[in-house]
Amino acid sequence: MGYRKVKDQESYDDLSQNDVESLSGRSLSSANATATGLSSADGAKGKSSWKLKSVVTLALTLLTSSQAILIVWSKRAGKYEYSVTTANFSVEALKCLLSLAALFRTWNHHGVTDDNRLTTSFDEVSVYPIPAILYMVKNLLQYYIFAYVDAPAYQILKNLNIISTGVLYRIILKKKLSEIQWAAFILLCAGCTTAQLNPSSDHVLQTPIQGWMLAIVMALLSGFAGVYTEAIIKKRPSRNINVQNFWLYIFGVIFNLVAICVQDYDAVMNKGFFHGYSFITVLMILNHALSGIAVSMVMKYADNIVKVYSTSVAMLLTAVVSVFLFYFHLSLAFFLGSTVVSVSVYLHSVGKLQPQK
């Protein structure tokens with residue numbers, strides 16, 4: 001009996017050992033399979049993210065480079081046959097509809113929450129009229145600046161808003177700028193000036209003083225509106241961006257409607273809202289509306305370096321296309337100036353002060 005008991009115990013021990021080895025093998029196999037699956041998932045996610053960044057970068061570059069070209073192209077005999085206030089109104093209305101459509105999609109997928117609910121409280125909506133009216137004035141001025149500059153020069157001078165934004169960041173949001181960023185500002189001014197040199201004329205600069213003044217005013221308006229809007233967004237970071245955009249665009253629609261009544265009321269009433277519109281005008285309106293959406297996507301899915309590359313490539317594309325469409329003369333001064341501007345934009349991007357740990 002003792003012998004049988006010992007044999008039974010040995011058999012049981014052998015079976016237990018085999019079971020443990022079997023379970024260990026299965027666990028290792030499962031772990032390997034899980035690791036392989038996670039690795040594949042990470043690879044697929046990384047590939048998908050790279051594709052999305054590439055699409056966003058390409059879209060922003062094409063939209064940015066074609067903005068000035070479409071505005072100039074929409075002219076006939078050197079003037080706008082359509083009302084620029086109605087065009088600006090149409091852009092704001094389209095952006096408002098796109099934001100509302102994005103909100104409906106969010107509500108269908110995630111339901112209505114405190115962060116994505118459209119509320120009409122005074123505290124919610126009272127902060128948006130100021131940036132809305134600033135953007136309206138700036139967007140209207142961009143039509144009139146083309147009386148003094150061409151499309152490539154506009155793309156160069158538009159980078160002046162980097163300086164105004166940086167200075168206003170320092171004043172309003174108390175953000176410190178690095179020495180590299182201050183140096184980038186100086187380079188940017190030098191690049192803009194170099195690109196406008198006109199050695200074949202008695203005038204030193206191609207762009208008259210009126211064009212420079214309009215560019216500076218636009219840069220100040222754009223910088224202040226951008227900093228103010230960022231302060232609003234960061235005040236409540238969990239708030240859905242489409243809700244904030246919706247209220248900003250709603251006030252943009254209201255203020256542009258007032259501009260129509262003040263500036264073009266008789267023309268709109270006598271000739272119609274869409275008088276003078278062409279296919280190019282419609283493309284221009286779509287371009288301006290989609291540009292805002294593309295910038296939002298860059299902020300969400302890409303990074304700031306994407307905006308830098310898009311800005312630099314857009315300046316070159318605008319100049320090349322203008323050579324064929326508007327017989328623009330691509331001078332050495334413009335090439336050197338645009339190169340300096342591209343370098344300064346890059347330095348401003350990479351020269352940000354890193355937060356201390």
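Laboratory data are not the source of any read-out in this text; all were calculated from the coordinates shown. These numbers come from a predicted model, not from an experiment. So basically every Cβ, Gly included, is an ideal-geometry build from the backbone, and we count neighbours across all protein chains shown.
Numbers below:
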| quantity | calculated |
| --- | --- |
| Extension gain, K234 back to A183 (0.36 nm per residue minus Cα-Cα distance, nm) | 15.6 nm |
| Among 155-167, 99-111, 334-346, the order from most to least packed when residues are scored by Cβ within 10 Å on average | 155-167, 334-346, 99-111 |
| Estimated FRET transfer efficiency (V350, K174; beta-carbon r; R0 35 Å; 0.05) | 0.95 |
| Order by protection proxy (mean Cβ within 10 Å, highest first), peptides 127-136, 176-185 | 127-136, 176-185 |
| Stretchable slack from L325 to I216, in nm (0.36 nm times residue separation minus alpha-carbon distance) | 36.5 nm |
| Cα gyration tensor shape of the range 104-242, rounded if a/c is under 1.5, else prolate or oblate by comparing a/b with b/c | prolate |
| Förster-model FRET efficiency, 30 Å R0, V112 and L286, C-beta, rounded to 0.05 | 0.50 |
| Tail fraction, Cα-Cα pairs, the range 89-129, threshold 12 Å, whole percent | 68 |
| Rounded FRET efficiency, nearest 0.05, which uses the C-beta distance separating F279 from D123 and R0 of 35 Å | 0.20 |
| Links that overshoot a 24 Å alpha carbon limit, given the list K95/K176; K95/K158; K175/K235; K95/K174; K79/K138 | K95/K176; K95/K174 |
| Computed lengthening from V137 to T339, 0.36 nm per intervening residue step minus Cα-Cα distance | 69.7 nm |
| Cα lying deepest toward the dipole's positive end in the range 101-192, options A183, M136, T119, charges on Cβ | A183 |
| Most to least packed among 141-148, 81-88 [average Cβ atoms within 10 Å] | 81-88, 141-148 |
